[in-house]
Every structure is written in structure tokens, then in C-alpha cells.
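S.K.: Structure below; questions to follow.
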Amino acid sequence: MLAIYVILDGYDFGAGIVHLFFAKKEKDKKAITNAIGPFWDANEVWLIASGGVLFFAFPTLYASSFSGFYLPLIMILWLLIFRAIGLELRGQIHNKLWETVWDKAFGIASFLLALFFGIALGNVVRGVNLGMVENGISAHEAHYFFLPLWNPTFSPSAEHLGIIDWFTILLGLVGVITLTIHGANWIIYKTNSDLNNKLKTAIFRLNFVLLALVILSLVVWHVIAPKPFHNFIERPWMWIFPLLTLTGLFGLFKVKTFKKDGIGFIFSSLFILGGFASTAASIFPKVLPSTNTVNPSLTIYNVAADEYGLSVGINWFIIALILLIAYVFIQYKVFKGKMDDIGYGEH
């Protein structure tokens, strides 16, 4: 569900980044907001639904992560708010200063959200100091932790970790480049904007940057985590996930030759889905690794609700998932095709 959220709301973030850096003319800005206007708030339903599933299925993980990552979560909440009001308030008053302020709010919030979601993935891969262990002694219960925004050393190997260090920033940059490409593909798919040819060139060039960052992050991963690929060796069927990732990544190099506008979006979606699945497979069964040897990592087994809670929850989950899929299907069916004339945000 989180992967679906990043695929759907991720193109919104990417469109915001394109809006910030590429859209200079008013008609280009309108084309971008038209492309995401009917969808952006509905896409966020997947984030809310993911939080609900996390609460009923893995309550200990929910409690641990929402307290430990409290500071960045609040920052993400404010960024989501500013991105939303940037879209909604821009068209309320036709004044150059007013429109510029909300254009920047929308673009900068989208950029920082993409960065923070990449950083969040980096924190999960790197792990956290569960129990706040210092000098071999756990200061709190085994699943508790709290991270400041950064630590003085800016190191992912420090005893007292921060949200931001050089490793999580690296994955944050992967997130920004990935979602910029993804958003550009969505704009190409949903509009006939004059920007489209320029965006195809940008995607092609950014894909080289993305490839370099992915290779660098895989090399660095060996420094952060011992034997990061052991699950793929023990379970060869898991290689399907990296293959999905590589298919998406290398497919994007042909973006200029695609006959249909939606093909690029499919490849960037494959890259995101494959990347998420590969990350989950690499740390399985862990869901939040521990960086100390005193307290064990949080796994799908030691953070799950009891059997009765899971058996009740799964029935309601199936009903809710069917409703959610139907909701998304109907919405995308209603707003199929190009969105150039939708006129989103005009009052």
C-alpha cells in the first residue's frame, strides 16, 4: 500500500518539482496543475489507509515509529499542508505576487517531500538505536527510540543517530530524482503541453544521474549493513524485484522513442515498485533494524498484533481495500485522457 501511495502521490510531488524548475510560462504552470488537479487529494487516501493497516496489524511498530520519527513526521505533515494550499489558494486571487508565493509553496513543499520520503527509506534501511543504548546499556524499553534531525558527526555509524546523515541524504537524492522523472512522465501522459519534449530530454538526462546514484547507494549499503543481499542469495526467487527495478530504470533511457505517452509512466512506476519491494525483501523479516546488539530488530513477528486481532482485522481490510480500489478506479476512469482543458484551481 505504501508503494502504491508513492507511485500515485509520487507523481504529484514530481509534478511540483517540474513546476518549480521547468515551468516558466503561465500556460505551462496551468498544464501541470491540470494534470494532477483531480487526483492529488485522492492519492493521499493510500497514505491514510497504510497508517490504518499499520495500526491494526503491527501496533508496536506503529507506536515505535510514530514516536521515534515524530519530528520528521510533523515536518512532512506541514509540507503536505503547504503543498495542498499552494494548489488550492493560487487561483483565488489573480495577482502576480499572490500567485508567485503559492507557486513557490507548492514547488518547494513537493521537492522537500520527495527528499524526506527518500530520507525516511534511508532510515529504515540503516536502522535506529532501539532502546537508546549507550555504553552497552539500554536506557528505555526495547522498541523505543527518538531521533533528532541530525547528529553532530553527520554519520550513519554513530551511536546517537540523527534523521539526516550522509547516507540518508544519498537516498533522499535518489527519491528526488526518481519522483521528478515520475512526475514528468505523468505530465507527458496527461497533457499536450509545450513542455513535453523538453521533459523527455530532462528525463533522459536525469536517468543517468539516477543510475549513478543507485549504483553508489548499493556500494555504500555494504558499509552501512553487513551482508545486505543475503536474502537474495538464500531465496533466489526474490531476484524478481531487482529485475523489475532494472527494467524500469533502463526502460526510461528510451523515453524519446516511445510512441504512446503513457509508456514512460509505466517504466517509472516499475522502478518505484521494484525498488520498494527490493528494499523490503533485503531486510525481511525486519521492518525496522536495530543498530545495537542489546535490543533485537523489530520484525513482522515481534511487532504483529495477536492472532485474534489479525483475524478480525483482515476481514475488514479486504472490504476496505475493495472500496479503496473501486474509488480509485472510478476516479481515474472519469478523468481519463488528456487534462489540458480541465481548468483546475480557477475561480
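S.K.: Of all trypsin sites (Lys or Arg not before Pro) in the range 236-324, which ones are in loop regions per DSSP and have a Cβ with at most 16 other Cβ atoms within 10 Å?
M.R.: The qualifying sites are Lys259, Lys260.
S.K.: From the backbone phi of the range 209-216, what are the Karplus-calculated ³J(HN,Hα) couplings (6.51 cos²θ - 1.76 cosθ + 1.60, θ = phi - 60°) in whole Hz, Gly and Pro given as x?
M.R.: My calculation for the range 209-216 gives 5, 4, 4, 5, 5, 5, 4, 4 Hz in order.
S.K.: Using only the alpha-carbon atoms, how far is helix 45-57 inclined from the longest principal axis of the chain? Give it as 0 to 90 degrees, nearest 10.
M.R.: With both axes taken from Cα atoms, the answer is about 20 degrees.
S.K.: For the chain, what does the helix formula give at 222 nm: sum of -39500 (n - 2.57) over DSSP H segments with n ≥ 4, over the residue count, nearest 500 deg cm²/dmol?
M.R.: Value at 222 nm, helices only, nearest 500: -22500 deg cm²/dmol.
S.K.: If every alpha-carbon in the chain counts as one equal scatterer, what log10 I(q)/I(0) does Debye give at q = 0.06, 0.07, 0.10, 0.11 1/Å?
M.R.: -0.23, -0.31, -0.64, -0.77
S.K.: Pull up the cross-link candidates among the lysines for Lys104, meaning alpha carbon to alpha carbon under 18 Å and not fewer than 8 places away within one chain.
M.R.: Lys24, Lys25, Lys27, Lys29, Lys30, Lys96
S.K.: Amide H of Thr299 versus every other amide H placed in the peptide plane: which residues, excluding those fewer than 5 positions away on the same chain, fall under 5 Å?
M.R.: Val287
S.K.: How high is the relative contact order of the chain, given as a whole-number percent (alpha carbon pairs under 8 Å, six or more residues apart)?
M.R.: Relative contact order, the chain: 26 percent.
S.K.: Another question, if that's okay. Could you tally the net charge around Lys96, taking each other residue with its Cβ under 11 Å from the Cβ of Lys96, Lys/Arg +1 and Asp/Glu -1?
M.R.: Local charge sum for Lys96: -3.
S.K.: Over the range 144-245, what is the relative contact order in whole percent, taking alpha-carbon pairs under 8 Å and six or more residues apart?
M.R.: The normalised contact order for the range 144-245 reaches 19 percent.
S.K.: Taking θ = phi - 60°, what integer Hz values does the Karplus form 6.51 cos²θ - 1.76 cosθ + 1.60 yield along the range 184-198, in sequence order, with x for Gly and Pro?
M.R.: 3J(HN,Hα) across the range 184-198, in whole Hz: 4, 5, 5, 4, 4, 5, 9, 9, 10, 4, 5, 6, 4, 5, 5.
S.K.: Still on this structure, please answer the following. Relative to the longest principal Cα axis of the chain, at what angle does helix 263-283 sit, 0 to 90 degrees, rounded to 10?
M.R.: Taking Cα atoms only, the helix is inclined about 10 degrees.
S.K.: Follow-up. Which FRET efficiency value, to the nearest 0.05, is calculated for Ile314 and Asp194 with the Förster distance at 56 angstrom and r the Cβ-Cβ distance?
M.R.: 0.70
S.K.: Given the C-alpha centroids of the range 23-94 and the range 102-153, what is the distance between them in whole angstrom?
M.R.: 18
S.K.: Just check the range 246-329 against the gyration tensor rule for me: Cα atoms, a ≥ b ≥ c as the square roots of the eigenvalues, rounded for a/c under 1.5, and otherwise prolate or oblate depending on whether a/b exceeds b/c.
M.R.: It comes out oblate by the Cα gyration axes.
S.K.: Output wanted: per-residue J couplings in Hz (rounded whole) for the range 18-28, from phi through Karplus 6.51 cos²θ - 1.76 cosθ + 1.60, θ = phi - 60°, x for Gly and Pro.
M.R.: 4, 4, 5, 9, 10, 7, 9, 8, 4, 5, 6
S.K.: Mind listing the long-range amide H neighbours of Asn129? Cut-off is under 5 Å, sequence gap 5 or more, other chains count too, H placed in the peptide plane at 1.01 Å from N.
M.R.: Long-range HN contacts for Asn129: Leu161, Thr291.
S.K.: Now, a different point. Please list, ordered by chain and number, the residues whose modelled amide H lies under 5 Å from the amide H of Trp150; skip anything fewer than 5 residues away on the same chain.
M.R.: Amide H neighbours of Trp150, under 5 Å, 5+ apart: Ile163, Ile164.
S.K.: If you add up the charges near Val125, with Lys and Arg at +1 and Asp and Glu at -1, over every other residue whose beta carbon is less than 14 angstrom from its beta carbon, what do you get?
M.R.: Around Val125, the surrounding residues sum to +2.
Read-outs throughout are calculated quantities, based only on the coordinates presented, and are distinct from any laboratory measurement. Remember, predicted model here, so these are calculated numbers, not experimental data. Using ideal geometry, Cβ is built from the backbone for each residue, glycine included, and neighbour counts are taken over all protein chains shown.
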